[in-house]
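Enquirer: Here's a structure for you.
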Amino acid sequence: MPIRRKATEAGILEPEELALLGRVFEQVTVNRQSPEALDALASRVIANYMAGVTDEAELVLLSRQPLGR
C-alpha cells in the first residue's frame, strides 16, 4: 500500500498514526487511479499530517485538495 511505504520514508510513526493515515488514504482514493496518482495522494495525506492536521475528518477534506506550492 503506497501510504505505508510513504509513511515509512517520512520517518518513524506510531502504529496508531499509521492506522489513521491508512484510514484517510482509503477514504480519499478513487477506483482506477494510476500508481503515480496513488503515490501523490499518499504524499499529500502524509504532508497534511506532518503539517499538524491530526483530525481525521479534516485530514480527509484537505487531502482531497492538491497541495499548494
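Every number here is computed from the coordinates shown, using simple stated rules; none is lab data. Computed from a predicted model, the values in this text were never measured in an experiment. When we count neighbours, we look across all protein chains shown, and the Cβ atoms used for this are built from the backbone with ideal geometry, even at glycine.
Enquirer: Based on DSSP H runs of at least 4 residues, each adding -39500 (n - 2.57), what is the mean residue ellipticity at 222 nm of the chain after dividing by all its residues, to the nearest 500 deg cm²/dmol?
Expert: -21000 deg cm²/dmol
Enquirer: Per 0.36 nm of contour for each residue apart, how much would the distance between GLU26 and ARG4 grow if the chain were fully extended, relative to their Cα-Cα spacing?
Expert: 6.7 nm
Enquirer: Explain nothing, just the number: dipole magnitude of the range 2-63 about its Cα centre with +1 on each Lys and Arg Cβ and -1 on each Asp and Glu Cβ, in debye rounded to the nearest 20.
Expert: 280 debye
Enquirer: Still on this structure, please answer the following. Extension gain GLN33-MET50, at 0.36 nm per residue separation less the Cα-Cα distance, in nm?
Expert: Computed gain between GLN33 and MET50 is 3.7 nm.
Enquirer: Ratio to report: Rg/Rh of the range 2-63, with Cα atoms as the point set and Rh obtained by the Kirkwood method; give two decimals.
Expert: 0.93
Enquirer: Normalised by the number of residues in the range 2-63, what is the relative contact order in percent for Cα pairs under 8 Å and 6+ residues apart?
Expert: Relative CO of the range 2-63 lands at 41 percent.
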